[in-house]
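Working notes, structure below.
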Amino acid sequence: MVSDRNIFLDTEFLKNTEIQLALEKTVEGNPEKNWVPAYHFSIRDLNGIKMGECDLRIGYNDNLYFGGHIGYTVYPEYRGNHYAGKACLLLFQLAGKHNMEYLYITCNPDNHASKKTCEYAGGKLLEIAELPEGNDMRESGEFEKCIYEFTLNTSVIKDE
């Protein structure tokens with residue numbers, strides 16, 4: 001079995017004409033907690049100014065249906081420019097290099113900005129799901145999640 005520390009890939013390619021994702025840290029999976037390995041990035045402009053953060057969780061398990069593979073936040077002064085959506089599109093490339101075929105991104109039903117991000121990035125709304133009893137998010141006061149699915153074209157991603 002390959003240890004989690006060996007699964008992380010080079011991420012220098014995660015940039016476009018507007019933003020770059022700067023790797024902040026990687027976190028190994030924790031099977032006892034049902035956590036998968038994750039990358040954590042800052043979202044930066046091409047001059048290096050930090051505009052937000054995002055992360056990508058690698059792999060599949062039941063928790064990720066409700067928690068999602070990607071999380072993001074854009075600082076208030078940089079909102080309205082689709083930076084979260086553009087970061088997601090870059091993260092899809094990295095997920096493809098990990099041979100992932102699909103991802104979930106979830107958000108609260110009243111989070112209109114996050115729903116727009118999911119639509120911008122090409123997500124398909126699967127459902128608005130009630131969080132199961134015992135889910136950590138439910139225990140912190142959340143009860144429903146919009147579940148968006150993203151199908152990755154891994155043959156295109158791998159060839160880039």
Legend entry - Globularity index of the chain, i.e. its alpha-carbon radius of gyration over 2.2 N^0.38 Å: 1.01
Legend entry - Efficiency of FRET between His40 and Glu133 - r from beta-carbon atoms, R0 30 angstrom, step 0.05: 0.55
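Let me spell out the model: positive unit charges on the Cβ of Lys and Arg, negative unit charges on the Cβ of Asp and Glu, origin at the Cα centre of the chain. What dipole size does that give, in debye rounded to 20? Write out the running numbers ahead of the final one.
Values: 16 positive and 25 negative charges, 92 e Å.
Computed charge dipole of the chain: roughly 440 debye.
About the Cα centre, and with charges only on the beta carbon of Lys, Arg (+1) and Asp, Glu (-1), how big is the dipole of the range 10-91? Nearest 20 debye, please. Provide the component values of the computation, followed by the final result.
Values: 8 positive and 11 negative charges, 35 e Å.
Around 160 debye, computed over the range 10-91.
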Inset, instruction - Quote the convex hull volume per residue of the range 33-85, based on C-alpha atoms, as a whole number of Å³. - result: 96 Å³
Inset, instruction - Would you mind telling me the share, in percent, of accessible area of the chain contributed by carbon and sulfur at probe 1.4 angstrom? - result: 47 percent
Legend entry - Whole-number Å³ per residue for the convex hull built on Cα positions in the range 65-129: 86 Å³
Inset, instruction - Give the Rg (one decimal place) followed by the Dmax (whole number) of the range 92-157, computed from C-alpha coordinates and expressed in Å. - result: 13.5, 40
Legend entry - Whole-number percent relative contact order across the chain, with pairs defined as alpha carbons under 8 Å at least 6 apart: 18 percent
Legend entry - Ala113-Lys33 pseudo-label distance in nm [points 7 Å out on the Cα-to-Cβ vector]: 2.6 nm
Inset, instruction - Compute the relative contact order of the range 76-160 as a whole-number percentage, counting only Cα pairs closer than 8 Å that sit 6 or more residues apart in sequence. - result: 39 percent
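Kindly identify the range 3-43 as rounded, prolate or oblate by the Cα gyration tensor criterion: order the square roots of the eigenvalues as a ≥ b ≥ c, call it rounded if a/c is under 1.5, otherwise compare a/b with b/c, prolate if a/b is larger, else oblate.
It comes out prolate by the Cα gyration axes.
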Inset, instruction - Specify which residue in the list Ile70, Pro109, Thr11 is farthest towards the positive end of the charge dipole of the chain, using unit charges on the beta carbon of Lys, Arg (+1) and Asp, Glu (-1), about the Cα centre. - result: Thr11
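The values are calculated or read from the model by the stated rules, or taken from the named source; none is laboratory data. This structure is a prediction, so every number in the text was calculated from the model and none was measured. Glycine also receives a Cβ, built like all others from the backbone with ideal geometry; neighbour counts cover every protein chain displayed. Accessible surface is based on the protein model in full, side chains and every heavy atom, while ligands, DNA and RNA are left aside. Shrake-Rupley method; radii C 1.70, N 1.55, O 1.52, S 1.80 Å.
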